[in-house]
Amino acid sequence: MSTLWLWASDACLLIGSFLLLTGALGFLRFPDFYARIHACGVTETLATGFVLLGLLLRSDDAMPQVKLVLILLFVLFSSPTASHALAKAAWNAGVRPRDNSGKRRVSLPHTDP
Amino acid sequence: MLCLLVATAIALIAVRGLLASIMLTSVYGLLSASFFVTMDAVDVAFTEAAVGAGVSPLLLLLTVAIVGRREAASNARRLVVPLLLVTVTGALLIIGTLDMPSFGSPDAPAQTHVAPRYLQQSGDEIGIPNVVTSVLASYRAYDTLGEVLVIFTAGVAVLLALAPAGQGGSARAEPPAPEHLAPHTILQVVSKLLIPFMLLFAFYVQFHGEYGPGGGFQAGVIFASGIILYGLLYGLPTVCRVIPPPVVEVLAAVGALIYGLTGVLSLLAGKNFLDYSALAADPVTGQHIGIIAIELGVGIAVAAVIITIYYAFAGRLHTRED
Amino acid sequence: MSDSNGLLLASLAIAPLAILGIVLLRSRPNWREGVSVLASIALFAVNIGIYHSLQQGATLSWRSGEILPGLRLELAVEPLGALFALIASFLWLVTVVYAVGYMRGHGEQNQTRFYAFFALSIGCVMGVAFSGNLLTLFLFYEMLSLSTWPLVVHAGNDKARHGGRVYLGVLLGTSIVFFLPAIILTWWSTGSLSFVPGGLFPENTDPRLLSALLVLFVFGVGKAAMMPFHRWLPAAMVAPTPVSALLHAVAVVKAGVFSLVKIGVYVFGLDQLAAVDSREWLLYLAGFTLLAASIVAMQKDNLKARLAYSTVSQLAYVTLGVLLAVPDGVTGSGLHIAMHAFGKITLFFCAGAILVASHKTEVSQLRGLGRQMPFTMAAFLLASLSIAGLPPTGGTWSKWFLMLGTLDTGALVLTAALVVSSLLNIVYLTLIPVRAFWRFDGADEAAAPTEVREAPLACCLAIGVTTAICVALFLFPQPLYELVAQIPLGGG
Amino acid sequence: MDVFSYFNYWVVVVLMMLGFFIVIARGNLVKKLIGLNIFQTSVFILYISAGKVMGGAAPILADGVELYSNPLPHVLILTAIVVGIATTSVGLALVVRIHAAYGTVEEADILEQDATC
Amino acid sequence: MLSQLPLLPVLLPLLGAPACALLRRPLAAWVFSCAVSVLALAAAIALLAATWQQGVLSYALGGWAAPWGIEYRIDLLNALVLLLVSAMGAAVLLGARASVWREIPEHKRTLFFVAYLLCLAGLLGIAATGDAFNLFVFLEISSLATYALVATGRDRRALVAAYNYLVMGTIGATFILIGIGFVYMLTGTLNMADLAQRLPAVGQSRTAFAAYAFIVVGVCLKLALFPLHLWLPGAYTRAPSIVTVFLAATATKVALYVLIRFSFTVFQVEYSILALPLETVFVVLGVVAVFAGSLVAVFEPDLKRGLAYSSVAQVGYMVIGVGLGTVAGLQASLIHLFNHAIMKGTLFMALAAVVLRLGGSTYAQMQGVGRSMPITTACLLLGGLSLIGVPGTAGFISKWYLVTAAADREQWLLVLLILAGSLLTAVYIWRLVETAYLAPRQSPASIAPRALEAPAGLLAVLVVLALANIYFGLDTRLPVQTAGGAANGLLAAVLP
């Protein structure tokens, strides 16, 4: 029983860590701002979820479990919102996505910064 | 962990441009908070996370929003003297460490002289599990009073520096600034959901400080963060309507006074200043009451001062745009 | 006893009271000057009272609370101080009378300030005269320097300011760099600063220390105008004439040599002084100063400058008298303080009278002036004789004792110096009135303004009194001599 | 082995000096304050390191735990953190005013302006 | 209440400050601050008397005995500094009204008084505490308040001065924090008396050396000892007049107290002064400070700035006394600490009046001020004479003790240098006198509309301060005996 939980927990933690790593890699390697924010924004939410789940499976006290759930909820709310805010701010500031050749591909109404 | 810190600091030296520097500062604060956790200093970690990664980058950001993010290239010739100074100071510090007790040794004087009493007897004398809170709020309560007055002084100082004329000294907001933040619907909705929880959490931290990490200072910072978030999203005028600056300023003074008057109460009861055992028939109960009272004072003062400082900076931001 | 001590305090208190009166009555010149005259009369009367108490064998003294551990402000009357105080207060009286005439005749500005600081200076002089230990002496000595500065720069122009800088620079500089360390060293090595007949230093004091101290004291008392620290005195001549007359012929400079005599007699003691190594060359320095200053004086055409250098020279006589460390020398010094005071103040009065009456300041302009101002010029002649030490004037006696002193010690070179200097005195001072009366040639007649008359009555009155005293002291030197002879000389 | 026991402290010293260097070498007033922040935070790390006891637990009393880390440095540093943020905020307020008065936050420019007027 | 005496001088302004912040009207704030500071002064006087009678007083804050709790430990030295700081604090505040109303905009006045009280409380707290870390906390209270006060100066250069002061001051405070951390790691205690007992056992270690070095450098930054004085002239010159008076009279004095406390109590004298070459370092730096500060002061066109440099010089004198490492030297240093506070208080107070009426304090602006403001100028002159060390003034007593202390060590060159320093002082004071009394009065156009005597409140305080210069030149019992007792208390145990 407890071993099973531990295995599951380890697996969750591993997946979480791996996702974080990919996110970081994407953040470093992707060509433009929006792709980067996408890379870490998406993976981060999921990765944190896995890590928290893994920790949840490990703890056997009620209080920490409640706390972890609360953190999970909070992250689920805040992380996408933060990504959204960043992207929006960048758009408002006049940052535009690029294609593979590095040129601006999209031109939309609000061109003024 | 420490290597990460070093890397961050070196990056800070290398990087030019204030915005990046501020982000690195924030990272530095968060990393040191994590380091504090590994050093068993959970209370400190909590505070450092709130301050080093939260409040101080926020203030830096506000400043940079006012003064601009550009940083001039530094003059290479000006580096010689600083390098020399740093080398000498560093060498002296290294020399100083050579005769120190080893890291983590339980036999070091710091571990054997004064601290053991806190660990062994605070349970009986104060009656709460968090020894840091015991020391902070009772054994060295006077330092903490000093700390509250330091933060109060900072509030006074910022107001003295930034208060606009003609408003009785308070950093009241200017008439509505251009509402460029209006379309942030998603943010506003989410934050509306979150802010009550933040405030609730602040109260939790406030009153849970005796049992776990936390206390008035951290609670005050979190509470203030909630208000500041509100201000950032809904604009300064809105938040100023909800919590008017003069009220906050009065609260800052009141917080400090609550702390001080708790001490004066014990004076009047014939004991020494801040000796809470005078507050109730049973000394340990007295300590409890005292600690709750002063933590409340700390919380109010800290929250009020940080909000005041925010108002002052944000007010400047708007003034500039006019 | 207590009455006499009251006298002592009164002599110090009169000046501040006078200042109060002068300042309060600043808008009424007549009353203001009246206060000055009254105060000077009162001061003189008080000092006579002190003199009498002293003659009756009373000891007058006063001490404050401790200022520094074991150190108090002390006042005490001894013969030399009483003499000095008497002369200064009497001459104040005369000078105030003279000043009323001079200042009005010359139309000076800021007269209230002038009279107030004049009174303050005299108050400080009283303090110096009656000081009972070195600390008190130093206190009043410095206050005197400071309170005379406004008088020196009275004119307020650039020249006055420059003169004032030199004046204060030298006086404060020497007192801080030499005098104060000397006092502190004395305190440090003996634990006392009191004036004690026979000296403070125990037998076994390190002779090098004593040598150093003597040098420090002699140079430190800058008011004694020993070369090379004499520049302040000529610089001070930018002041109005009454100031030069009273302060820079009598009060300030005499405070300097008086301090030296006191230090020689009461701090070192003559016996010990005689044994100090550095005394020898200081003696010769004094001899050099008195000759050199005379020679410089001869070359000065400005009358006040010439008188100033003459003062430098005469002060060196007094210093020399002390440094001889024999009783006759000290007696001579004491007498010379008095004799020179009357002589020199007369000369300055005359110079001022000439300035007021004819607006002449240069010696070369004075030829023939004897016809217009016979009284002034006659007084000038008598006073210059006194300075030179010739009968029928009081100066004869002091020079006589100084000569005896040099002979006692067998320092014939110094005797010669004294003689030569006296001859020079005759050349550069006595010849002025002589020419004014007799070397009158027609060429200058046209230039001489015919409407020149004698100076205002107040001036003449003052000149008359001091000249008369110069002569009187030749005939009746006895009271002075007796007073000086009371100085406890230890060795004598 | 002695060397290793000090390694922690040495890293802290390096951190301090990095912060100190930013304070004195940089001409931008905001950056100077950032450096000051780093400098102070590093001193906090020194204190907290001094309070660590190997094998100890966080100083919150619990049954069955015998060895705790030293709570006193924690208390001191809590106070010091507050002092640090207080200093930073006052410094920043001054920077804002300086910017309003001079239009720049570079030390060299300010010196130049003061020298000319 | 008597048993609470050690706390009262600090507690009153400390809690008075937030209470004052609740007052909205500046006038009320001023009256309240005055009342608080006068009460603190009364407490400090009573405390000094109690210390004379009962010896060292100890007060356990929170009822926890040292070294577990924080202790206030008042010996003669603490009591003297407390008295000095609270007296100057009260005096300056009483005379402050007119000047503050002129120089501080209306909406900042209440906060100005709050910051003033905080600064006062901080300085008093430093002087009273017996706990090394508590000292740091109060140091920061006073420092932060000082930065704010300096920044309220009218000139924009006040901001830069305040900023520089903030950076330098914080570096200094952090150095002190490092030093305290080191000694804590060595001994495990923060209580000064306890440290003094436990340090000798580890005194020879390199850590103790580094700790002392950091504390000394940090304190010297606050003390503005040459060459760490760079912040001082700017801060003193640009700060509002009243702030300059207060800072000049108290802040460096408290820093000197800290230096003495750490050098002679926490680290014992055998270690701090005699074993290390600090004797030479202090004396040499002191002498250099005297000459560098005075020389700059001589050529400075603005009197306020000149006097600020003169403060650098005077700090030099005090440090020389400390560096001599003898009872006499320490006593001289403490006497000068006391007297210099009075002198500089007088001088800067008079300048506050001058700035109030003339709008500035350059020599050019002050021409002929002796006639338009006779009493103020007379006080300025008295303070100046005292600074020179003319006998009959407090300054003479300082010089006397300093020179005798140097003579005791048979350092004749030092004696000469100290006195030569006085001469330099005389030069710049005399420049002032000539300007004030001899220079022609300024042309009517450039003169301030009401170039009259200062208002009564300011003038009264000024006259009292000026007369104090004379009083303490003649009746020296208070500073001399207290300083003597304090010096003996610090050193008698170890020196014969």
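The values are calculated or read from the model by the stated rules, or taken from the named source; none is laboratory data. None of the values given here were measured: they were computed from a predicted structure. A quick note on method: Cβ atoms are made from the backbone with ideal geometry, for glycine too, and the neighbour counts reach across all protein chains shown.
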(request) Return only the number of the condition from (1) at the interface with chain B (Cβ under 10 Å from one of its Cβ atoms); (2) buried (at least 24 other Cβ atoms within 10 Å of the Cβ); (3) among the small types (G, A, S); (4) closer than 25 Å to D:S49 by Cα that E:A213 does not satisfy. (result) (2)
(request) Consider D:I81 carefully, then state whether it is within 7 Å of chain B (Cβ to nearest Cβ), touching a helix residue (DSSP H, G or I) at 6+ places or on another chain (Cβ under 9 Å) and crowded, with 20+ Cβ neighbours inside 10 Å. (result) yes
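Taking C:G220 as the residue in question, decide whether it is on the phi > 0 side of the Ramachandran plot and either out of contact with any strand residue (DSSP E or B) (no Cβ under 7 Å at 6 or more places or on another chain) or surrounded by fewer than 24 Cβ atoms within 10 Å (Cβ to Cβ) (or both).
no
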(message) Here is a check on your reading of the model: is C:G395 farther than 23 Å from C:A462 by Cβ and of a type outside the set (V, I, T)?
(response) no
(message) Show me the helices (runs of 4 or more DSSP H) found entirely inside region E:1-110 where at least 1 residues are outside the structural domain of E:M343 (by TED's automatic domain parsing), touching a residue at least 12 places away in the same chain (Cβ under 8 Å) and in contact with a Lys or Arg (Cβ under 8 Å, 6 or more places away or on another chain).
(response) E:26-54, E:76-94, E:97-103
(request) Select from region E:72-82 the residues that are crowded, with 24+ Cβ neighbours inside 10 Å and of a type outside the set (S, T, Y) and list them in ascending order. (result) E:I74, E:L77, E:N78, E:A79, E:L80, E:V81, E:L82
(request) Identify, by number, the condition in (1) facing chain E (nearest Cβ under 9 Å); (2) over 19 Å from the mean Cα position of the chain (by Cα) that C:L168 doesn't meet. (result) (2)
(message) Taking the condition of being surrounded by 15 or more Cβ atoms within 10 Å (Cβ to Cβ), more than 30 Å from A:N92 (Cα to Cα) and among the β-branched types (V, I, T), how many residues in region A:10-69 meet it?
(response) 2
(message) With closer than 18 Å to E:V319 by Cα, among the basic types (K, R) and at pLDDT below 90 as the only criterion, which of E:R409, E:R431 stands out?
(response) E:R409
(request) State all residues of region A:15-42 that are at pLDDT below 85 and touching a Ser or Thr at 6+ places or on another chain (Cβ under 6 Å); if no residue qualifies, say none. (result) A:I37, A:G41
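Among the listed residues B:L12, B:L79, B:L2, B:L98, which satisfies the condition of being within 14 Å of chain E (Cβ to nearest Cβ), farther than 23 Å from D:A100 by Cα and modelled with pLDDT under 85?
So the residue among B:L12, B:L79, B:L2, B:L98 that is within 14 Å of chain E (Cβ to nearest Cβ), farther than 23 Å from D:A100 by Cα and modelled with pLDDT under 85 is B:L98.
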(request) Tell me which of these A:N92 doesn't satisfy, since it passes every other one: (1) at pLDDT 80 or above; (2) within 13 Å of chain B (Cβ to nearest Cβ). (result) (1)
(request) Confirm whether D:L18 is within 7 Å of chain B (Cβ to nearest Cβ), touching a helix residue (DSSP H, G or I) at 6+ places or on another chain (Cβ under 8 Å) and of a type in the set (A, V, I, L, M). (result) yes
(request) Within region B:217-258, track down each residue that is of a type in the set (S, T, Y) and touching a residue at least 40 places away in the same chain (Cβ under 8 Å). (result) B:S225, B:Y234
(request) Considering each residue of region E:417-435, count those that are more than 7 Å from chain C (Cβ to nearest Cβ) and out of contact with any Leu (no Cβ under 7 Å at 6 or more places or on another chain), and give that number. (result) 6
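Per-residue answers, yes or no, for (1) facing chain E (nearest Cβ under 8 Å); (2) in contact (Cβ under 8 Å) with a residue 60 or more places away in the chain; (3) surrounded by fewer than 17 Cβ atoms within 10 Å (Cβ to Cβ):
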residue	(1), (2), (3)
C:T148	no, yes, no
C:V152	no, yes, no
C:L180	yes, no, no
C:L185	yes, no, no
C:L209	no, no, yes
C:L213	no, no, no
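Here's the yes/no breakdown for (1) crowded, with 24+ Cβ neighbours inside 10 Å; (2) more than 7 Å from chain B (Cβ to nearest Cβ); (3) not in a helix (DSSP H, G or I):
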residue	(1), (2), (3)
D:I22	yes, no, no
D:K31	yes, no, no
D:V43	no, yes, no
D:E66	no, yes, yes
D:T87	yes, yes, no
(message) When the residues of region E:25-64 are narrowed to those that are within 14 Å of chain B (Cβ to nearest Cβ) and in contact with a strand residue (DSSP E or B) (Cβ under 8 Å, 6 or more places away or on another chain), which ends up nearest to E:K108 (Cα to Cα)?
(response) E:L61
(request) Give the number of residues within region A:1-46 that are closer than 20 Å to A:S78 by Cβ and touching a Phe, Trp or Tyr at 6+ places or on another chain (Cβ under 8 Å). (result) 6
(message) Looking only at region B:145-167, filter to residues that are buried (at least 24 other Cβ atoms within 10 Å of the Cβ) and more than 7 Å from every other protein chain (Cβ to nearest Cβ); which one of those is farthest from B:L59 (Cα to Cα)?
(response) B:L145
(request) Among residues belonging to region C:1-38 that are hydroxyl-bearing (S, T, Y) and loosely packed, with under 15 Cβ neighbours inside 10 Å, point out the one that is modelled with the lowest pLDDT. (result) C:S2
(message) Name the residue that is nearest to B:L317 (Cα to Cα), counting only residues in region B:47-59 that are touching a residue at least 40 places away in the same chain (Cβ under 8 Å) and more than 7 Å from chain D (Cβ to nearest Cβ).
(response) B:L58
(message) For region D:59-111, give me each residue that is touching a Phe, Trp or Tyr at 6+ places or on another chain (Cβ under 7 Å) and at pLDDT below 85.
(response) D:P59
(request) Give the residue that is nearest to the other protein chains (Cβ to nearest Cβ), with candidates limited to residues of region C:61-75 that are of a type in the set (A, V, I, L, M) and under 24 Å from the mean Cα position of the chain (by Cα). (result) C:L73
(request) Find the residue count for region E:142-175, including only residues that are without any contact (Cβ under 8 Å) to a residue 60 or more places away in the chain and either touching a strand residue (DSSP E or B) at 6+ places or on another chain (Cβ under 7 Å) or of a type in the set (V, I, T) (or both). (result) 4
(message) If I ask for residues that are within 9 Å of chain B (Cβ to nearest Cβ) and surrounded by 24 or more Cβ atoms within 10 Å (Cβ to Cβ), which ones from region E:108-132 would you list?
(response) E:T110, E:L111, E:F112, E:V114, E:A115, E:L118, E:C119, E:A121, E:G122, E:G125, E:T129, E:D131
